[in-house]
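Student: Would you mind keeping the following structure in view while I ask a few things?
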Amino acid sequence: MKILDYDSRAYDFRGAIEDIIQVENLCKLHELHYDDGFLKENYVNENGKSLQGTIFHKRYYSKPESFLSIYKKFVREFISPLWQEDILIQKIPTFRIHAVDSRALGGGDDLNVGSIQGVHKDSDFNHSKHEVNFFLPFTDVNEDNTIWYEHGGSFVPMMTKYGQIAQWSGSTIPHGNKVNTSDETRVSVDFRVLPKSKYTDNNLTSYTNKKRFTIGEYFEEV
C-alpha cells in the first residue's frame, strides 16, 4: 500500500463533491436530515441497499459530470504515469459514505476479525486480481472511519488526509471497516485501474453497480 500526495488546489475534488451532493461540511453529513426514505437504523444494522441508496448517492450518480471532469484530468496527469503501459480506469468511481454509527459495508453474514467487520477481498465479488485500487477521501480520515487492511498478519488503518490518495490491491488484500464510533463521517470514492494487457472480455459483473467488467460499461480507456 502506498499513500501518494497530490495538489488538491489543482484537483478540487472536495469542492466538486460538495456542490454535487449539496453539503458544505462533509464530515458532519450524518447530522443532516434525510428526506428520501433513508433510515439511519438501516445503515447501522448493515442493510446493504442503504449503503448506495441515500439522497447523497443519488445526487452523485445522477449528475457526476463536474466531478468526472476533474477525475479524468487527474487520471491522465497523475495516475496514468504510474504505469509504463496503457491502462483502463473505472468509468464512474464508487461513492462511499462511512457515517457515524455505521460500518459502510453491507451484509450481516460477512467475516469479522475482532472489531474489523465485513472482511473480504474484491476478488470475492468478481473483480480481477490484476486490478489496482485507489482510495480517495474528501475528508481527513480517522481510525474509526477508514478502511482497515491486512498487513504483516494483522489489520492496520489506511490513514489518508485530504490531498492524499492510497494505492493498494483490494482484490488480493483482505480488508474491512470498523463501526464508526467517532464524531466524523468519512466521504470518499474508490476506483480501480486495470493494465490493458490484463484485460479480458467476460460476462462477470460488479457486485455494486451490476456493470459488466468490459470497456464501455465498467471500464474505459484513458
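Student: Write down the accessible area per residue of the chain in Å², having rolled a 1.4 Å probe over the full set of protein chains.
Tutor: With all protein chains present, the chain gives 48 Å² per residue.
Student: Tell me which label goes with the value of Rg and Dmax of the Cα atoms in Å computed from the coordinates here: [x] 25.5, 86; [y] 16.3, 52; [z] 16.5, 47.
Tutor: Of the listed options [x] 25.5, 86; [y] 16.3, 52; [z] 16.5, 47, [z] comes from this structure.
Student: Rounded to the nearest 500, what is the 222 nm mean residue ellipticity of the chain from helices alone, with -39500 (n - 2.57) per DSSP H run of 4+ residues and division by all residues?
Tutor: So the calculated ellipticity at 222 nm is -4000 deg cm²/dmol.
Student: Turning to a different aspect of this structure: Where the accessible area of segment 115-208 is counted over protein heavy atoms with a 1.4 Å probe, how much of it, in %, is carbon and sulfur?
Tutor: The value for segment 115-208 is 47 percent carbon and sulfur by accessible area.
Student: Which order do 9, 103 take when ranked by solvent-accessible area (1.4 Å probe, heavy atoms of all protein chains), largest first?
Tutor: 9, 103
Student: Rounded to the nearest 10 Å², what accessible area does residue 116 have for a 1.4 Å probe in the complete protein model?
Tutor: 10
Student: Working from the alpha-carbon coordinates of segment 166-222, get Rg over Rh, Rh being the Kirkwood radius.
Tutor: Taking Rg over the Kirkwood Rh, I get 1.05.
Student: Give the residue list of trypsin sites (Lys or Arg not before Pro) in segment 151-199 that are DSSP loop and have at most 13 other beta-carbon atoms within 10 angstrom.
Tutor: For trypsin sites (Lys or Arg not before Pro) across segment 151-199 that sit outside H, G, I, E and B with at most 13 neighbouring Cβ atoms in 10 Å, the list reads 161.
Student: Lys and Arg at +1, Asp and Glu at -1: add these up for the other residues within a Cβ distance under 10 Å of residue 218 and post the number.
Tutor: After counting each charged neighbour, the total is +3.
Student: Hey, another quick one. Please report, in debye to the nearest 20, how large the charge dipole of the chain is about its Cα centre when each Lys and Arg carries +1 at its beta carbon and each Asp and Glu carries -1 there.
Tutor: With only Lys, Arg, Asp and Glu charged at Cβ, the dipole is about 480 debye.
Student: Quick one: net charge around residue 142, please, counting Lys, Arg +1 and Asp, Glu -1 for every other residue with C-beta under 12 Å from its C-beta.
Tutor: Computed value for this residue: -2.
Student: With 5 Å bins from zero, work out the P(r) of segment 84-211 over every alpha carbon pair and list the percent per bin.
Tutor: 2, 10, 19, 24, 21, 14, 6, 3, 1
Student: Would you mind checking the pairs 129/196; 121/211; 58/91; 28/63; 2/121 and listing those with alpha carbons more than 20 angstrom apart?
Tutor: Beyond 20 Å between Cα atoms: 28/63.
Student: Would you mind computing, in nm to one decimal, how far apart the modelled labels at residue 126 and residue 162 are, each placed 7 Å from Cα along Cα→Cβ?
Tutor: 3.4
The values are calculated or read from the model by the stated rules, or taken from the named source; none is laboratory data. Predicted, not measured: the structure shown is a model, and the values here were computed from it. Cβ coordinates were reconstructed from backbone atoms using ideal geometry, including for glycine residues, and neighbour counts include every protein chain displayed. Calculation scope for accessible area: heavy atoms of the full protein, side chains included, ligands and nucleic acids excluded. Shrake-Rupley method; radii C 1.70, N 1.55, O 1.52, S 1.80 Å.
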